[in-house]
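To keep things clear, I will list the structure first and then write my remarks on it.
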Amino acid sequence: MSREPADRESDSFADPRTRLPTAPLWLRWLPVLWVAALLAVEPVTPVDWPVSYALIAVPLLAAFAYGPVGVAVATVFSVVFEGVLAGTPCCAGRSVGYLWDRHYVASYICTALVGALGTVLAAHRIRRERTLADVRFVADIAQRVLLRPVPHRIGHLQLESLYLSAAAEARIGGDLFEAVPTGFGVRLLIGDVRGKGLLAVETAATLLGAFREAAYEEPDLATLAARMETSMARRAERLGGDETVERFVTAVFAEIPADGGLVYVVNCGHPPPLCLRAGEVGELDSGRSAPPLNVGMLVPNPYHVDVYPFWPGDQLLLYTDGVTETRDASGRFYPLAERVRSWGPLPPVELLARLHDDLLAYGHHGLQDDTAALAVCLLPGEPPTTAPPPTAE
C-alpha cells in the first residue's frame, strides 16, 4: 500500500546505514552447517583423506552473510579447527605429529589467505549495501514527494491508494494518483504515462504539479482536463524530438461534490473507473472517452463530462492498466470486475489490500507493468441534496 503506519514511516526516514538488508537465515547458518557436515564425515574417512581441508571454504561462506569482523573470526576458527582435526587421534586415528605435517601447514596458510580475501569481499559487500540503502532512501523520499499518500478521510469520503512497481528494486514510475479537496468538491486523478524510466517519472511529476495547482482554480472538469492537455503539450515541445506527439498520458479526472449524490468523470483514454454498489460492480463508461493528454489537440472539443449517481455506501475504484493487464500462467488477463464482485462489500483499505495480494498471486508474484489504484467510498450520513440522474449524461 502506498500509505504506511506511522512507525514504519519514521523508520523509512531513519539513517539508511541502519537499514542494511539482513542475510537470509539459511545463509547465516550455512558456515555452521558446513562445519557440522565435515564433523560427521571426518571420523569415517581414511587417514589419507583428510576432509578437514574443506574448512578453507568457511571464510568465503561467512563473507556472504557477515561483516569483516565475522569473517575474520570464522577464519581464525577454521585455522584452529584444522589443527585440532589434524592432531586429534580420536577423529581418524591420526597422531599429534600430523599437526605440523607440511600438507596441513599449507592448509593453514591457504585458509588464512582465503580468510583475508573473504574479509575484503565482506567489506566491499557492506559498502555496496550501504550505497544501495542510500539510493533506496532517496527513492523513498522522491516517491513521497511525487506520490504523496492520499488522506484517509476527506469530508464524507474515505480514501485509500495502492502503488506496485513491476521492477523489484524500483520505487517510482509512470503511474500516478492524487486526491485534492477543493471548493468544487474532492477532485481525483489517476494516470499512466507512456514509457518507462526517468522520462516517465518527470512527465508524471509535471502532470501532478499542474493538477495540484489547477484543481483549485478551474470551475469544471472539462476545463481542468484542457489545462492538463496544455501543460503536457508544453512539456513535450520543450523535450523536442521526433516522438513529441507519442509522449502522452492516459488519465481519469473525477469530482465528487461535498454533499455527494453525483460523481463527475472525464476520461482521457484511460481504463474506466468501477462503481461498487450493493454488491454490484459496473464500469463508468459512456463511450465518450477523450484522447490521452498531449493528443487532445488532434480532436476539436475532446473533453466531455459524464455524470453518474454516487450514493452513500457507493465506492469508486480508479486504476491503471497494470491491474487489468496482469496475466496468469496461461496468459489470461486479470478479471478485475469479476474478482471485485466476488469479494463483496469491503472498505477501501481492505479492498486494496485484497487487490494487492490477489494481483501478486494471479501474476505468480511477478507484475508485467507498474500498477496504481485509488479507492473512494462515500460514507453513510446525511442524504445528498443533489438528485442523481438515472444514467450518464
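The values are calculated or read from the model by the stated rules, or taken from the named source; none is laboratory data. These numbers were taken from a predicted model, which means no experiment stands behind them. Note that each Cβ is placed from the backbone with ideal geometry, even for glycine, and that neighbours are counted across all protein chains shown. In case anyone asks, the SASA skips ligands and DNA or RNA and just uses the protein heavy atoms, side chains included. Shrake-Rupley method; radii C 1.70, N 1.55, O 1.52, S 1.80 Å.
Laid out as a table, the results:
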| quantity | calculated |
| --- | --- |
| Condition met for Glu255 (open to solvent by less than 40 Å² (accessible area, probe 1.4 Å) and of a type in the set (D, E, K, R)) | yes |
| Checking Leu318 against (1) of a type outside the set (Asp, Glu); (2) within 24 Å of Leu157 (Cα to Cα); (3) free of Cβ contacts under 8 Å to residues at least 60 places away in the same chain, the condition it does not meet | (3) |
| Cβ-Cβ under 6 Å pairs, at least 6 apart or on other chains, the stretch 274-287 side modelled with pLDDT of 90 or more, far side of a type in the set (S, T, N, Q) | Leu276/Gln315 |
| Near pairs, Cβ below 8 angstrom, 6+ apart or cross-chain, from the stretch 335-360 (touching a residue at least 40 places away in the same chain (Cβ under 8 Å)) to any residue that is among the aromatic types (Phe, Trp, Tyr) | Leu336/Tyr319; Leu351/Trp343; Leu359/Tyr334 |
| Pairs with Cβ under 9 Å, 6+ apart, first in the stretch 119-131 and farther than 16 Å from Thr75 by Cβ and touching a residue at least 12 places away in the same chain (Cβ under 8 Å), second open to solvent by 90 Å² or more (accessible area, probe 1.4 Å) and in a helix (DSSP H, G or I) | Arg130/Arg17 |
| Cross-chain or 6+ apart pairs with Cβ under 6 Å, the stretch 154-173 first and of a type in the set (Gly, Ala, Ser), then part of a strand (DSSP E or B) and at pLDDT 80 or above | Ser161/Phe177; Ser161/Leu374 |
| Hits in the stretch 338-353 - residues which are part of a helix (DSSP H, G or I) and either of a type in the set (S, T, N, Q) or surrounded by fewer than 16 Cβ atoms within 10 Å (Cβ to Cβ) (or both) | Glu338, Arg341, Ser342, Trp343, Glu350, Ala353 |
| The lone exception for Tyr53 - which of (1) crowded, with 18+ Cβ neighbours inside 10 Å; (2) in a helix (DSSP H, G or I); (3) under 46 Å from the mean Cα position of the chain (by Cα); (4) at pLDDT 85 or above it fails | (4) |
| Hey, Ala54 out of contact with any helix residue (DSSP H, G or I) (no Cβ under 8 Å at 6 or more places or on another chain) and farther than 26 Å from Leu132 by Cα or not | no |
| Of all residues in the stretch 294-323 being modelled with pLDDT of 90 or more and touching a Phe, Trp or Tyr at 6+ places or on another chain (Cβ under 6 Å), the one that is farthest from Ala222 (Cα to Cα) | Val307 |
| Meets criteria (open to solvent by less than 30 Å² (accessible area, probe 1.4 Å) and either outside any helix (DSSP H, G or I) or over 20 Å from Leu317 (Cβ atoms) (or both)) for Thr203 | yes |
